[in-house]
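S.K.: Right, I'll just put the structure down here and ask away after.
Only the coordinates and a few stated rules stand behind these numbers; no lab work does. The structure presented is a predicted model; accordingly, all values stated were derived computationally and were not measured. Positions of Cβ are backbone-derived with ideal geometry, glycine not excepted, and every protein chain shown enters the neighbour counts.
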Amino acid sequence: MSMPFIDLAAQQRRIRDKIDAAIAKVLDSGAYVMGPQVREFEAKLAEFGQAKLALSCANGTDAIALPLMAWNIGPGDAVFCPSFTFAATPEVVPWVGATPVFVDVLPDTYNLDPAKLEAAIAGVKAEGKLTPKVVIAVDLFGQPADYPAIKAICDREGLKLIADSAQGFGCTLNGQHPLHWADVATTSFFPAKPLGCYGDGGAVLTNDATLWDLMDSYRVHGKAVGPDLAGKTFDHDPKYLNTRIGMNSRLDTIQAAILIEKLAIFAEEIALRQVVADRYAQGLKGAVISTPAVIKGGVSVWAQYVIEHRDRDGLAAHLKAQGIPTAVYYPVPMHVQAPYAAFPRGAGGLPVTEAKAETVLALPMHPYLGEADQQKIIDAIQALGA
Ligand SMILES: *Cc1c(COP(=O)(O)O)cnc(C)c1O
């Protein structure tokens with residue numbers, strides 16, 4: 001018998017009645033696109049993330065692209081981001097014609113290294129070819145980046161800050177969500193993320209109402225929004241007035257309805273994930289190079305529980321033989337992937353990123369991982385030894 005890596009079925013069993021009812025309501029209403037559940041969910045999501053506003057969209061990748069578009073980031077602009085992340089983080093930068101600059105991560109939290117960020121910005125300025133504009137910090141594996149340090153650098157250098165919280169939505173640092181420091185926080189509702197729907201979805205959280213309006217325009221083909229219409233009269237329906245080149249990136253009403261039910265139990269699920277993480281930390285002592293370190297004052301939502309082992313592939317095979325699934329995030333850092341290899345890197349390269357790609361291994365992690373299954377995983381790892 002093999003166990004699931006992420007058990008979405010256990011969660012579904014808990015709230016299946018509510019989800020069925022929520023979906024049925026959307027089917028009955030006929031409001032499949034931008035139905036009332038979309039705005040209801042956006043309001044609830046904003047409240048959860050300590051934001052004034054949330055804008056839902058089609059996925060967590062578009063969620064990073066939308067603020068770049070709204071800020072007119074483009075050719076000649078440098079966007080600093082980690083390479084030790086999912087492809088979506090750097091991918092959106094060339095979409096708008098700008099250049100990603102890869103920055104190394106800290107060896108304990110795997111999140112953006114503020115000192116390396118400073119060096120990368122200085123390098124770009126010294127070279128004089130690109131203009132530093134934006135930093136994308138990633139809340140990798142569910143824990144907040146070092147926002148106080150990163151925000152101080154952004155303020156000093158006049159840079160916008162995006163918190164890519166696709167894995168970390170719900171995480172906090174000193175009781176604050178990433179948006180406390182960032183201009184926007186983005187997230188993904190891909191099913192396997194801590195807060196996932198049953199398909200694709202994403203959102204951008206912000207406290208800036210003007211930015212929200214602009215992103216609302218970009219998510220619907222550059223439609224005219226409030227400020228575009230102010231003081232004007234029209235002899236046609238302004239619904240078909242397009243004031244910028246946008247895209248089609250809406251969250252389906254059905255997914256919003258599902259997410260309303262999932263968000264209702266999300267705080268409890270974060271607490272359950274912490275219980276699982278604590279049991280791993282206790283049980284794995286001495287059997288691995290390291291169990292995850294969380295930044296001081298931070299609360300992780302444990303999107304992944306990532307350990308390091310000297311014989312990572314041997315351990316993965318040993319666990320697989322016992323029906324225990326694992327995954328490697330990320331085996332090939334973005335800066336060495338062919339389409340990204342020519343983009344600039346911060347001074348000193350990315351030695352930490354490259355080393356971590358060889359040793360990291362993600363273990364089964366979800367709120368419903370029972371004690372017996374977890375003990376089986378711990379015993380199997382202990383049996384192999386460090
Ligand atoms: C999943 C993920 C995204 C993108 O989300 P999608 O909804 O799959 O487009 C962006 N950044 C990170 C770090 C992610 O893990």
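Listed here are the residues, each with its yes/no results for (1) in contact with a helix residue (DSSP H, G or I) (Cβ under 7 Å, 6 or more places away or on another chain); (2) more than 12 Å from the ligand (Cβ to nearest atom); (3) hydroxyl-bearing (Ser, Thr, Tyr); (4) in a loop (DSSP other than H, G, I, E, B).
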{"residue": "PHE102", "(1), (2), (3), (4)": "yes, yes, no, no"}
{"residue": "LYS125", "(1), (2), (3), (4)": "no, yes, no, no"}
{"residue": "ILE153", "(1), (2), (3), (4)": "yes, yes, no, no"}
{"residue": "ILE162", "(1), (2), (3), (4)": "yes, no, no, no"}
{"residue": "PHE169", "(1), (2), (3), (4)": "no, no, no, yes"}
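S.K.: Please give the number of the condition LYS320 fails out of (1) out of contact with any Pro (no Cβ under 8 Å at 6 or more places or on another chain); (2) buried (at least 18 other Cβ atoms within 10 Å of the Cβ).
M.R.: For LYS320, the failing item is (2).
S.K.: Wholly within segment 197-312, which helices (runs of 4 or more DSSP H) include no fewer than the required count, namely at least 2 residues that are farther than 16 Å from ARG39 by Cα?
M.R.: Working: elements: 209-219, 226-229, 253-264, 266-283.
Because the criterion is at least 2 residues that are farther than 16 Å from ARG39 by Cα, the helices (runs of 4 or more DSSP H) in segment 197-312 that meet it are 209-219, 226-229, 266-283.
S.K.: Is it true that some residue in segment 76-84 is more than 13 Å from the chain's Cα centre (by Cα) and acidic (Asp, Glu)?
M.R.: yes
S.K.: Another question, then. For SER290, indicate whether it is within 30 Å of ILE121 (Cα to Cα), surrounded by 13 or more Cβ atoms within 10 Å (Cβ to Cβ) and of a type in the set (S, T, N, Q).
M.R.: Values: within 30 Å of ILE121 (Cα to Cα): no; surrounded by 13 or more Cβ atoms within 10 Å (Cβ to Cβ): yes; of a type in the set (S, T, N, Q): yes.
It is false that SER290 is within 30 Å of ILE121 (Cα to Cα), surrounded by 13 or more Cβ atoms within 10 Å (Cβ to Cβ) and of a type in the set (S, T, N, Q).
S.K.: In segment 9-25, is there at least one residue being buried (at least 17 other Cβ atoms within 10 Å of the Cβ) and either among the hydroxyl-bearing types (Ser, Thr, Tyr) or within 16 Å of the ligand (Cβ to nearest atom) (or both)?
M.R.: Within segment 9-25, not a single residue is buried (at least 17 other Cβ atoms within 10 Å of the Cβ) and either among the hydroxyl-bearing types (Ser, Thr, Tyr) or within 16 Å of the ligand (Cβ to nearest atom) (or both).
S.K.: Which ones in segment 127-151 are within 14 Å of the ligand (Cβ to nearest atom) and either in contact with a Gly (Cβ under 6 Å, 6 or more places away or on another chain) or among the hydroxyl-bearing types (Ser, Thr, Tyr) (or both)?
M.R.: First pass over segment 127-151, keeping only residues within 14 Å of the ligand (Cβ to nearest atom): 136-145.
Hits for segment 127-151 are ASP139, GLY142, GLN143, PRO144.
S.K.: Sticking with this structure for a sec: Pull out all pairs, ordered by first then second residue, where Cβ-Cβ is under 8 Å, the residues are six or more apart or on different chains, the first lies in segment 286-307 and is without any contact (Cβ under 8 Å) to a residue 40 or more places away in the chain, and the second is in a loop (DSSP other than H, G, I, E, B) and of a type in the set (D, E, K, R).
M.R.: The qualifying pairs are THR291/LYS285.
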